[in-house]
């Protein structure tokens, strides 16, 4: 009768492995004990390191930044140029000011589109009123 090298379970002579723990019934010639296959571990996936893109200055804008931005909006023509420059942004410009300028440009575009649509509707309604009215001389 043999004994399991790992758990000491009694085995019959024809068994090569223990039916209790799965260990080998034979001791290796090196005397280091039986060979035990390491437990399976799923490999850990580590994505390659990627440097984060420069997303601009992450500091929040101060109240002074907002006051200057809105005061410069009062200057005709310059306000459009200044807003576009701030919206395009640069790495040194604060990201919150860039987002504010983009929002202002979007609101201007919506206002312009609504103004055009309402002007066209108003013009057609005026022409229809003038066209249906008969003048007597």
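Within region 69-83, the set of residues being surrounded by 13 or more Cβ atoms within 10 Å (Cβ to Cβ) and under 31 Å from the mean Cα position of the chain (by Cα) comprises 69, 80, 82, 83. Looking at this structure, is residue 100 part of a loop (DSSP other than H, G, I, E, B), farther than 30 Å from residue 5 by Cα and at pLDDT 80 or above? Spelling it out, it is not the case that residue 100 is part of a loop (DSSP other than H, G, I, E, B), farther than 30 Å from residue 5 by Cα and at pLDDT 80 or above.
The values are calculated or read from the model by the stated rules, or taken from the named source; none is laboratory data. Fair warning: this is a prediction, and the values are worked out from it, not measured in the lab. Glycine gets a Cβ as well: all are built from the backbone with ideal geometry, and neighbour counts include every protein chain shown.
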